[in-house]
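Let me begin by presenting the structure, written as structure tokens, before commenting on it.
The values are calculated or read from the model by the stated rules, or taken from the named source; none is laboratory data. Given the structure is predicted, the values throughout are model-derived calculations rather than measurements. Note that we place each Cβ from the backbone using ideal geometry, even for glycine, and neighbour counts take in every protein chain shown.
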Amino acid sequence: MLKDFPVQNEKETRAGFGEGIYEIAKQNPNVVALTADLAGSLKLNAFMKDFPERFVQCGIAEANMIGVAAGMTIGGKIPYTTTFANFSTSRVYDQIRQSVAYSGKNVKICASHAGLTLGEDGATHQVLEDIGMMKMLPGMTVIVPCDFNQTKAATMAIAAYEGPVYLRFGRPKWPNFTPENEPFVVGKAQQINEGTGVSIFACGHMVWEAMKAVEILEKENISCDLINIHTIKPLDHDAVLHSIRKTNCIVTAEEHQQNGGLGDSIAQVAALHHPSPHEFVAVKDSFGESGKPVDLLEKYGLNAANIVSAVKRAIDRK
């Protein structure tokens with residue numbers, strides 16, 4: 001099935017967000033965009049040009065931005081807040097918990113520059129805890145698309161999805177391989193490759209690394225079931241269990257701390273319904289550092305080679 005996902009080009013996932021919010025704004029007059037002084041980084045230029053009355057520049061005041069967005073929902077607006085993932089979560093967690101999650105406000109928290117691939121800005125900006133922070137909030141939906149096309153589709157889809165959403169995406173140009181204009185279904189996992197030897201669950205930039213790993217492994221006659229878990233919460237339990245019951249071993253891959261992320265969510269499902277050997281490809285309880293994105297992924301063990309090694313360890317534990 002990998003052949004069904006050919007690389008079309010390389011594009012920034014954040015650019016997919018910019019195109020997505022512009023397109024959905026043309027269809028839905030209630031969509032509004034707020035930013036904390038990062039309109040250019042979040043690719044909001046087209047939105048600002050054509051919908052200036054629906055754009056709010058909050059300045060470097062992220063907590064206030066969340067409060068303003070929560071208030072806008074009372075009037076029927078669908079606010080998309082935009083800033084870097086670190087500032088979207090760590091800096092404003094209290095406001096998100098109290099003003100958005102607790103009262104179930106229909107705010108879309110859109111977070112760019114997530115994970116190690118923020119690169120040269122370093123550890124203070126590279127949030128690696130945000131998936132865990134956000135998925136623990138009751139009622140919060142957590143989405144981590146894998147490429148430009150999927151980020152654009154997810155950005156458009158969440159406008160019609162009632163309730164608070166955390167949408168996480170990245171900074172660098174990245175292979176763009178999911179079908180253009182494929183509908184995005186919140187909570188429905190995407191099958192990338194079918195196999196029976198090992199279940200690989202990945203999200204975000206790590207889906208591409210997992211695809212490269214599958215190509216290597218299948219040359220060694222290791223059959224891989226690869227699933228893109230673009231929605232961490234609500235998790236597609238049926239897809240996860242269907243895969244695990246075929247393969248009886250698990251590898252998870254994410255650009256996030258091992259604690260609290262995608263791997264934890266998969267492990268909970270397996271522990272309750274089908275315990276299986278599980279290897280984690282994730283950051284091991286450390287902060288990041290400044291460097292080029294690909295070099296950082298290699299240093300922190302988040303690339304195709306590490307996924308290949310994890311798969312072999314998991315299979316050996318069957």
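Residue by residue through segment 46-91, note down the ones that are touching a Cys at 6+ places or on another chain (Cβ under 9 Å) and among the aromatic types (Phe, Trp, Tyr).
Tyr80
Let's see how each residue does on (1) more than 20 Å from Tyr161 (Cα to Cα); (2) surrounded by fewer than 24 Cβ atoms within 10 Å (Cβ to Cβ):
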position: Leu34; (1), (2): no, no
position: Ala39; (1), (2): yes, yes
position: Asp50; (1), (2): yes, yes
position: Gly76; (1), (2): no, yes
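From Lys299, Lys318, grab the single residue that is more than 11 Å from Val251 (Cα to Cα) and in contact with a Gly (Cβ under 9 Å, 6 or more places away or on another chain). Spell out how you get there, then give the answer.
Working: Lys318 fails: in contact with a Gly (Cβ under 9 Å, 6 or more places away or on another chain).
Step by step, each of Lys299, Lys318 is checked, and only Lys299 is more than 11 Å from Val251 (Cα to Cα) and in contact with a Gly (Cβ under 9 Å, 6 or more places away or on another chain).
Suppose we keep only residues that are of a type outside the set (S, T, N, Q) and either assigned by TED's automatic domain parsing to the domain that holds His230 or crowded, with 23+ Cβ neighbours inside 10 Å (or both) within segment 126-139. Which one would you say is nearest to Glu180 (Cα to Cα)?
Among them, the one singled out is Ile131.
On the given criteria, is Thr155 in contact with a Gly (Cβ under 6 Å, 6 or more places away or on another chain), polar (S, T, N, Q) and at pLDDT 95 or above?
Criteria met by Thr155.
Among the residues of segment 97-114, is there at least one that is under 14 Å from Gln257 (Cβ atoms) and buried (at least 18 other Cβ atoms within 10 Å of the Cβ)?
yes
If Leu302 passes every condition in (1) of a type in the set (A, V, I, L, M); (2) within 20 Å of the chain's Cα centre (by Cα); (3) not in a loop (DSSP other than H, G, I, E, B) but one, which one does it miss?
(3)
Restricting to segment 267-287, what's the tally of residues that are in contact with a His (Cβ under 9 Å, 6 or more places away or on another chain) and either touching a residue at least 24 places away in the same chain (Cβ under 8 Å) or assigned to a loop (DSSP other than H, G, I, E, B) (or both)?
Result for segment 267-287: 5.
Residue check, Leu118 against (1) modelled with pLDDT under 95; (2) on the phi > 0 side of the Ramachandran plot; (3) surrounded by 24 or more Cβ atoms within 10 Å (Cβ to Cβ), all met but one. Which one?
Among (1) modelled with pLDDT under 95; (2) on the phi > 0 side of the Ramachandran plot; (3) surrounded by 24 or more Cβ atoms within 10 Å (Cβ to Cβ), the lone unmet condition for Leu118 is (2).
Determine if segment 224-236 includes at least one residue that is more than 27 Å from Tyr161 (Cβ to Cβ) and over 15 Å from the mean Cα position of the chain (by Cα).
Yes, some residue in segment 224-236 is more than 27 Å from Tyr161 (Cβ to Cβ) and over 15 Å from the mean Cα position of the chain (by Cα).
Can you give me the ranges of the strands (runs of 3 or more DSSP E) entirely in segment 24-138 with at least 1 residues that are β-branched (Val, Ile, Thr) and in contact with a helix residue (DSSP H, G or I) (Cβ under 6 Å, 6 or more places away or on another chain)?
31-35, 78-84, 108-112
Taking Gly18 and the conditions (1) over 19 Å from Ala154 (Cβ atoms); (2) small (Gly, Ala, Ser); (3) buried (at least 20 other Cβ atoms within 10 Å of the Cβ), which numbered condition does it fall short on, given that it satisfies the others?
Every listed condition holds for Gly18 apart from (1).
Would you check which residues across segment 274-288 are surrounded by fewer than 14 Cβ atoms within 10 Å (Cβ to Cβ) and either modelled with pLDDT under 95 or among the charged types (D, E, K, R) (or both) and list them?
Answer for segment 274-288, where residues must be surrounded by fewer than 14 Cβ atoms within 10 Å (Cβ to Cβ) and either modelled with pLDDT under 95 or among the charged types (D, E, K, R) (or both): Lys284, Asp285.
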